[in-house]
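The values are calculated or read from the model by the stated rules, or taken from the named source; none is laboratory data. Predicted, not measured: the structure shown is a model, and the values here were computed from it. All Cβ positions, glycine included, derive from the backbone under ideal geometry; neighbour counts span all protein chains shown.
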């Protein structure tokens, strides 16, 4: 449901934006760079999610992220591109409210990050 | 429909294609364009750009058209919604990190990314993150990198590996940090390096000399032909307001595919050399002064006709057919028989038995189907880079490439057999090979072969067996064989080896038009059409026995000739009329009349390449100053003669037609001549305490134009060919270090140079730059030059 099929157990205090940033960073770092969608797309995903996590996101980022993820998926030589794309659209599909809150409030909905605003008000 | 063909549908059109072909190849053939970046029809398929994704019915996801083989009944949509979505997605990814610097990018207007972005890109970017920036490393004087623009298609990497034969570029780093480059900061040394500029779909790799000179749409394109080797690569010359600004390949499957050598690509830069001859010069009171054409032509004609039978005409082997044809007409009309273009040949004993012209032994593209290739005295990849490419392709297809060379060269291809022999022993080596071949074929050795016999043929047994077993072997005699003091014997033996092995024999001649010289009659033993005539003095004898006057056409004998020192001495004593595009300091001293000659790219003309192909070409730029095309100058000189017949034409096409009339039909694999060399070989293995000179024409030293092409002169290849090369042991025994400055004493000649060592050089030989004018086999001694600090 959350991507490549690996199982990660998290409690309800875990900020899904932060988790997605961590996952996106993994694929960004692991992409070999051979084919275009994965080489260019994983960096785009990681940076845009990072912006949301830092409280610098915009509402239109969410649909764009889903679109970019779909543009990587199925277009690459190996399955790493698919694996990088799937968590992005599935996180946003299942936890859209957390992402929207992050963009709107500049802080996490849950967990330790909920207490502080990351963006200067 | 045969079994190895399939039927498929692309965009609703039913097409038939060979099994195993890729969708993009079938589509290209049918004129259906599929966008692509990494795919190149002459390079291996990598499928990494993902621009050519198409919709194949039944496939779960879009398939790359360049890497998907066609199948029976396949239904391909190149412009369905799914295909277009995939192509647009790829375009967006390619553009996010590509700088928006088209206005200051040299590729602007002829950029594949720009063109395709128009069709597949968005009007406004959705990417708001920061773009990638890549620091550039120098790639040498020819290619100018701007790697921030790189889209990682890897075409350049594949060109250098598959065409150039070396992995000079590669990708380092991963993901977004992947960089295409030369691993460490170093120049690209391939003699075919300029081709990466053509294949680069963006402005990441641009031409250094052309940088910021013009926009693609401002340029006029002219068909021309490479003027520096016997291949005759097809080119387009691009000009802006009469200036030759760029040369790019013109695709020709039977000659150069879509590649050209750096020499053909960048030699035009020599056209703007500082010592261009712009006005006629006449010697008055011992000094060369500018004169008008009206004054210069009668003066020149007077000098030439004054010499009568004692006139020697030396034509550059890269002169056009028309110049050669008119030069011999003029020389012979003046009563002289002495005309030659074989400037670096030393042994002419078997001229009488020569073939109609020196051929490569068959069509150039057929080299790829030769299954055994023997190079004798040849650094093929530098002598004729496109031939090197063809032989490399043959080797990749399984041909056994073998060499008999006086130095171990890196030919950038797998070598199946190698014999290193001292230059003095080159004849013996071929004789031993011939003996081994006789043994392999079980035949009887011709009587003359006994004269060369001195044992040692067992070393050549593997080579002989490979040649014997091969279906279509080819022997190529290179520059070092052609300038060998016993060339007549070399080719007699080479002809025997070719005959015994059932193969062909070819010559990698110097200059662009040595074949044309034979057909035009610009050699002492041949008239127009290659018809034998009463022979005059050849290029060596006309200087060994000084003439009263010389007519030079596009050549600088002091550096072009086999024995440049002897040539210079003869020129100093004679009256000299020089049709030249450049006035070198030496020419200023010996010439009595310099007539400014249009150079390559400034005049129309024609060449005959080593496969016997006549290729006509146009002028690219305009003539500088008062320079005139060679045919016009020769026509004017002919008009001054009392018997001025045959010079009454008024246009280039008329001269060309005259030449073509005389030419007759040419075969691409001109039959072998009947050679009759008879050298007394030196005993093998004797002690040679002294050093023997081998003068090798550097890759960028072959003619007056490339010698003035500054970007080429800055390459490591040019740097190497200016050095004096020794075996490390010879250097050590004389207490010279690599890089030491030495004084070279070669015969009457003395000069200073930088010494370098190479294990591939044979002990007892010293390799000298051809520009020093030293004849091959001269005994050489070296002296250290005391450094200033020690003095």
TODO: For residues that are surrounded by 14 or more Cβ atoms within 10 Å (Cβ to Cβ) and closer than 17 Å to residue B:77 by Cβ, tally how many sit in region B:4-29.
DONE: 13
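For the condition touching a strand residue (DSSP E or B) at 6+ places or on another chain (Cβ under 7 Å) and modelled with pLDDT of 90 or more, what is the one hit in B:724, B:699, B:706, B:655? Spell out the reasoning first.
Values: B:699 fails: touching a strand residue (DSSP E or B) at 6+ places or on another chain (Cβ under 7 Å); B:706 fails: touching a strand residue (DSSP E or B) at 6+ places or on another chain (Cβ under 7 Å); B:655 fails: touching a strand residue (DSSP E or B) at 6+ places or on another chain (Cβ under 7 Å).
Only one candidate qualifies: B:724.
For a quick check of your reading: which helices (runs of 4 or more DSSP H) sit entirely within region A:43-121 and have at least 3 residues that are touching a helix residue (DSSP H, G or I) at 6+ places or on another chain (Cβ under 6 Å), crowded, with 16+ Cβ neighbours inside 10 Å and within 14 Å of chain B (Cβ to nearest Cβ)? Walk me through how you get there before you give the answer.
On the way: elements: A:60-72, A:80-94, A:96-105.
The helices (runs of 4 or more DSSP H) meeting that bar are A:60-72, A:80-94.
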TODO: Residue by residue through region B:621-661, note down the ones that are under 27 Å from residue B:241 (Cα atoms), in contact (Cβ under 8 Å) with a residue 24 or more places away in the chain and not in a helix (DSSP H, G or I).
DONE: B:621, B:622, B:623, B:624, B:625, B:626, B:627, B:628, B:629
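Out of the strands (runs of 3 or more DSSP E) lying entirely within region B:569-613, which hold 3 or more residues that are within 29 Å of the chain's Cα centre (by Cα) and closer than 21 Å to residue B:284 by Cα? First the steps, then the outcome.
Working: elements: B:575-580, B:593-596, B:605-608.
Output list reads B:575-580, B:593-596.
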Task: Elements of type helices (runs of 4 or more DSSP H) in region B:104-208, at least 3 residues being more than 14 Å from chain A (Cβ to nearest Cβ), touching a residue at least 24 places away in the same chain (Cβ under 8 Å) and buried (at least 18 other Cβ atoms within 10 Å of the Cβ) - done: B:195-199
Open item on the list: Any residue at all in region B:308-318 that's modelled with pLDDT under 95, closer than 30 Å to residue B:653 by Cα and surrounded by fewer than 24 Cβ atoms within 10 Å (Cβ to Cβ)?
Closed with: no
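Please verify whether residue B:50 is within 12 Å of chain A (Cβ to nearest Cβ), in contact (Cβ under 8 Å) with a residue 12 or more places away in the chain and assigned to a loop (DSSP other than H, G, I, E, B), treating the condition exactly as stated.
Details: within 12 Å of chain A (Cβ to nearest Cβ): yes; in contact (Cβ under 8 Å) with a residue 12 or more places away in the chain: yes; assigned to a loop (DSSP other than H, G, I, E, B): yes.
Yes: the conditions hold for residue B:50.
Could you go through region B:537-557 and let me know if any residue there is under 26 Å from the mean Cα position of the chain (by Cα), touching a residue at least 12 places away in the same chain (Cβ under 8 Å) and assigned to a strand (DSSP E or B). Quick ask: steps written out before the conclusion?
So the first thing to find is which residues in region B:537-557 are under 26 Å from the mean Cα position of the chain (by Cα), and the list is B:538-540, B:552-557.
Retained after the next criterion (residues that are touching a residue at least 12 places away in the same chain (Cβ under 8 Å)): B:538-540, B:552-557.
Still in the list and also assigned to a strand (DSSP E or B): B:552-553.
Yes.
A quick yes/no check of all residues on (1) free of Cβ contacts under 8 Å to residues at least 24 places away in the same chain; (2) away from chain A (no Cβ under 12 Å); (3) over 39 Å from the mean Cα position of the chain (by Cα):
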position: B:37; (1), (2), (3): no, no, no
position: B:57; (1), (2), (3): yes, yes, yes
position: B:92; (1), (2), (3): no, no, yes
position: B:101; (1), (2), (3): no, yes, no
- [ ] With the checklist (1) facing chain B (nearest Cβ under 9 Å); (2) assigned to a helix (DSSP H, G or I) in hand, flag the one item residue A:22 doesn't pass.
- [x] (1)
Task: Filter pass, residue B:96 being surrounded by 14 or more Cβ atoms within 10 Å (Cβ to Cβ), over 38 Å from the mean Cα position of the chain (by Cα) and at pLDDT 95 or above - done: yes
Open item on the list: Being at positive phi and in a helix (DSSP H, G or I) narrows it down to one residue among B:335, B:308, B:361; which is it?
Closed with: B:308
Open item on the list: Restricting to region B:2-18, name every residue that is more than 20 Å from residue B:34 (Cα to Cα), touching a strand residue (DSSP E or B) at 6+ places or on another chain (Cβ under 7 Å) and part of a loop (DSSP other than H, G, I, E, B).
Closed with: B:4
Open item on the list: Which count do you get for residues in region B:59-70 that are away from chain A (no Cβ under 14 Å) and crowded, with 16+ Cβ neighbours inside 10 Å?
Closed with: 1
TODO: Keeping to region B:453-501, report how many residues are part of a helix (DSSP H, G or I) and more than 30 Å from residue B:228 (Cβ to Cβ).
DONE: 17
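Got at least one residue in region B:727-738 being under 30 Å from residue B:187 (Cα atoms), in a strand (DSSP E or B) and touching a residue at least 24 places away in the same chain (Cβ under 8 Å)? I'd like the intermediate steps shown before the answer.
Keep residues of region B:727-738 that are under 30 Å from residue B:187 (Cα atoms), which gives B:727-732, B:736-738.
When the remaining residues are screened for being in a strand (DSSP E or B), the result is none.
No, every residue in region B:727-738 fails to be under 30 Å from residue B:187 (Cα atoms), in a strand (DSSP E or B) and touching a residue at least 24 places away in the same chain (Cβ under 8 Å).
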Task: Total residues in region B:553-574, condition crowded, with 23+ Cβ neighbours inside 10 Å and touching a strand residue (DSSP E or B) at 6+ places or on another chain (Cβ under 7 Å) - done: 5
